[in-house]
Structure formats: structure tokens, C-alpha cells
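In what follows, a structure is listed as C-alpha cells, so that the remarks can point back to it.
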Amino acid sequence: MVANTEWKPLIKGIVRVTRDVLHRSAKTGLWSSTSEVAYYLTGSAVSASHAATAIRSHWHVENKLHYTRDVTFQEDQSRIRHNPGVFARIRSFGYNILRRNQTTTFSQDSYAAALAGLDAVAKWCIS
């Protein structure tokens, strides 16, 4: 994996995680289960409980971000097919601005920001 690479001196540990994942079929509504294995590289020796906490914390942030992008910003509904990564970065930029402002109501605050932007455009058009 990292043997014989420039990364080898930096790796102090490898964490192996086996997890069961539930998948829901949109067509049938039925659930199926798969098992997957993930590997994490560490720069220091860590205990199993510390590694589990770090991994869960990372996924909490990921799930929170993806939920906001999917539900509030309706990213899954997007039909953008030309350079979709650019628009994903714009959504992330908007998310980070709202996050930095310590908002808890993304949908309301993004709506208010859109209205403020429309108001600014309307004022510019009138003048």
C-alpha cells in the first residue's frame, strides 16, 4: 500500500475498520446489507478507541455537510452536466459562509441571502 513510497516514513499505524452498511432501494423500498472494509493511515500510534472516535467525528462532519448540500441546496436534484464540480464548489462556498456566520437554519438563511441578492440587483437596475 505505502511500502516503497515517499509516504512510508510518515505512516506510524494502519487502522482497519469493517462496517455493515444498509442500502435502501428507491424502487422497491427494501433494505439490503453489505459489509465493507476501510483502511486509515495514521501519523502516530493510536488506540482503537481513539481511532474510532476520530473516524466517527469525521463522518459526522461529512454527513452533516452532505445532508445540508443535498436537502437545503438540493444538490441531488441538480441537472447540471457541464462542469458540475464548479457548482459543487460554489455550494460548498455558500455552506462555509453560512457555517462561519454560525447559522443553524440553512434553508432560511440561504433564502434570505437570495432575497438580499435580488434586492441588490433590483436597486442596481433602477439606478
Filter result for D70 (under 25 Å from R99 (Cβ atoms), touching a helix residue (DSSP H, G or I) at 6+ places or on another chain (Cβ under 6 Å) and exposed (fewer than 10 other Cβ atoms within 10 Å of the Cβ)):
no
Can you give me the number of residues within region 1-18 that are assigned to a loop (DSSP other than H, G, I, E, B) and either touching a Leu at 6+ places or on another chain (Cβ under 6 Å) or among the hydroxyl-bearing types (S, T, Y) (or both)?
2
Within region 19-73, restricting to residues that are of a type in the set (D, E, K, R) and either modelled with pLDDT of 90 or more or in a strand (DSSP E or B) (or both), the one that is nearest to A88 (Cα to Cα) is R24
Taking region 2-32 and keeping only residues that are small (G, A, S) and either closer than 19 Å to W59 by Cβ or surrounded by 10 or more Cβ atoms within 10 Å (Cβ to Cβ) (or both), one is left with G13, S32
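The values are calculated or read from the model by the stated rules, or taken from the named source; none is laboratory data. From a predicted model like this one, the values you see are computed outputs, not experimental measurements. Don't worry about glycine lacking a Cβ; one is built from the backbone with ideal geometry, like all the others, and counts go over all protein chains shown.
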